[in-house]
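Presented below is the structure to which this report refers.
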Amino acid sequence: MNCLNKTKELLPAAARGAKALTAALTGQTAGRWALRFFAAMVVLTLAARGASGAAMARVSLATPNRGTIVQKASTSAEVTAGESEALELPAGVTVRALYASAGQTLKEGDSILLLDLEELQDQLDAAKATRSQQEAQLARLNASTAPDSSSVASAQQSLDRAKEDYTRTDERTSAAVNEAKATLSAAQTARDEAAKKLEALESQTDPAPTEEELAAARAALEDAEAALSEAKQAVSSAETSREDSLLSAKRSVENAESSLAQANEAYSQAQASASLTAQSNAAEAEALRLEKEKNDEKIDLLTSLVEAGGLVRAPRDTLLTACALEQGQPCPEGESLQLAKDGSELLVQFSLPTDQAEKVAVGQTVTVTQGSAGAEATVRRVESGGEEEPSLVTAVLPETAAGFKAGVAQAELVFSRTAYDLCLPISALRQDSQGSYVLTVEEEKTAFGITLTALRVPVTVQETDSAGQYVAVEGSIGGGVIVSSTRAVSPGASVRLEE
């Protein structure tokens, strides 16, 4: 009974224990599942963050620093002697040896090249033969081309004689007419006197004239009238003869004048032709004279080269600025060998756009390099090319500059150097509708660690260097700025640093 009672007492307790155990077991299972859930969530979160991190842009940062923005220009230049002069060489003569090259500094007497002596002698002989021909041609061209004026002189002489004949004929015939007229006047007077005598006799009454006296008076009157008639005829004949003689003499004068005019016309034409011939000859002679001068100079050059055995030497201390010769090849036409004039400077010339040339001032220095040679040249002049054409800058190398020769070089000019507090690589500068800005990186702590976010910082651009590599800005920039990224980055985007 006791045992039974105890058993009964124990049964509720066991039941309660069983429930407690069941409850305990049930609680353990729920906690385990909760743990598993949270673990899974952590894993998924980490996986998601890993995937998100893999998708983030990797960026590189640069710290804004105080720096200098430089404006400069680099360009190709040409080094030339300020003044050069050609060392004349006979074209066509073969260069047997070359002892110097362009850009080389020479001392007086230094060997430059050797020419073929036989070819020099051949050219000298040919030049002398040409000179003899030129002298003969000049003598012919300079001979007088004046026309013969003897026909004009002869025609003038004939005219003078015809005029003299006319004058003598005029005088002679005039005298004959005057003489006939004088005879006529005397005959008229004699007739009048004979008529008066006859009239007086016929009117005489006391004593009355005899028949013999009347007959004699009538006969005298008839003779006087006959003489008067003859005198009149003589005057008419004299005048007619005068007219005929003067007309003939006048025609002789006119013929002589015509002959003289023809002679003068022919002479004028001959003079015009001679003038043209003289002008043509003079022009030809002048051209030939110039050719002869050149040929004489060539003879002098060839003679000196032959006497030197074909060796060409430097006439003084100088710079060989140009040499367009090749060993084994003939000397070309033109100025193939050029030397700097005594005391000549080395010039550096280059072109710049107008906007850059306006910044160049006389006296400014230019860094010039040519191979291993380098020096600071000084700007001498700036020649404006206008709005569309580039400007030409000429600078002078110092006398101490060594190693330079005529030819291509590089020139660099610095227009300005300005110090700024904030200088950045140009790649850090960005632009949007609100203006210029840079991106900095902001750190934020989270339950899962530190995150990085791109932050927009507005800036004002002060100056960009001429190379387009750096820019000076104003703005409140804290820390580094993004200068490069693996993908596009916008303000607010999560990023991670490039390792």
**OP:** Scan the stretch 427-499 for chymotrypsin sites (Phe, Trp or Tyr not before Pro) in coil per DSSP, keeping those whose Cβ has at most 12 other Cβ atoms within 10 Å, and list them by number.
**Re:** Phe448
Subject >> Ellipticity estimate at 222 nm from DSSP helix runs (n ≥ 4, -39,500 (n - 2.57)) divided over the chain, nearest 500 >> reply: -17500 deg cm²/dmol
Original post:
Mind ordering 347-356, 398-407 by average Cβ neighbours within 10 Å, highest first?
Top reply: 347-356, 398-407
Subject >> Centre separation in Å (Cα based) which lies between the stretch 314-354 and the stretch 94-151 >> reply: 23
**OP:** Mind listing the long-range amide H neighbours of Glu345? Cut-off is under 5 Å, sequence gap 5 or more, other chains count too, H placed in the peptide plane at 1.01 Å from N.
**Re:** Gly82, Glu83
Original post:
In the stretch 238-323, what trypsin sites (Lys or Arg not before Pro) fall in a loop by DSSP, with at most 14 other Cβ atoms inside 10 Å?
Top reply: Arg316
Subject >> Alpha-carbon centroid distance for the pair the stretch 52-88 / the stretch 236-272, whole angstrom >> reply: 100
Subject >> Of (1) 80, 62, 49; (2) 269, 77, 38; (3) 107, 62, 39, the label for Cα extents along the principal axes in Å derived from the coordinates >> reply: (2)
Original post:
Under a point spin-label approximation (7 Å from Cα along Cα-to-Cβ), what is the Thr453-Ser427 distance to one decimal in nm?
Top reply: 2.6
**OP:** Return a whole-number percent for the relative contact order of the chain, with Cα pairs under 8 Å and 6 or more residues apart as the contact set.
**Re:** 29
Original post:
Between Glu389 and Ser490, what is the label-to-label distance in nm when each label sits 7 Å out along the Cα-to-Cβ direction?
Top reply: 5.2
Original post:
In the stretch 272-431, what percent of the accessible surface is made up of carbon and sulfur (1.4 Å probe, ligands and nucleic acids excluded)?
Top reply: 48
**OP:** Report relative contact order for the stretch 183-272 in percent, whole number only (criteria: Cα-Cα under 8 Å, sequence separation at least 6).
**Re:** 32
**OP:** Working from the alpha-carbon coordinates of the stretch 199-352, get Rg over Rh, Rh being the Kirkwood radius.
**Re:** 1.85
Original post:
Averaged over all directions, how much area does the convex hull of the C-alpha atoms of the stretch 320-438 cover when projected, in nm²?
Top reply: 13.5
**OP:** Note down the net charge around Ser273, summing +1 for each Lys or Arg and -1 for each Asp or Glu among other residues with Cβ under 13 Å from its Cβ.
**Re:** -2
Original post:
How far is it, in nm, from the label point at Leu117 to the one at Glu376 when both lie 7 Å from their Cα along the line to the Cβ?
Top reply: 5.3
Subject >> Accessible carbon and sulfur surface of the stretch 183-259 relative to its total accessible area, %, 1.4 Å >> reply: 48
**OP:** Add +1 for every Lys or Arg and -1 for every Asp or Glu among the other residues with Cβ under 13 Å from the Cβ of Glu135, and state the total.
**Re:** +2
Original post:
Can you give the extra length, in nm with one decimal, that the chain gains between Glu211 and Ser275 once fully stretched, where that is 0.36 nm per residue apart less the Cα-Cα distance?
Top reply: 13.7 nm
Original post:
Quick one: accessible area per residue over the chain, 1.4 Å probe, rounded to a whole number of Å²?
Top reply: 61
Subject >> Net length gained if the chain between Thr130 and Thr464 were fully extended (0.36 nm per residue, minus Cα distance) >> reply: 113.2 nm
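The values are calculated or read from the model by the stated rules, or taken from the named source; none is laboratory data. Predicted, not measured: the structure shown is a model, and the values here were computed from it. Neighbour counts are summed over all protein chains in view; Cβ atoms, including those assigned to glycine, are modelled from backbone coordinates with ideal geometry. Ligands, DNA and RNA are stripped out before the accessible areas are found, and what is left, the full protein with its side chains, is counted by its heavy atoms. Shrake-Rupley method; radii C 1.70, N 1.55, O 1.52, S 1.80 Å.
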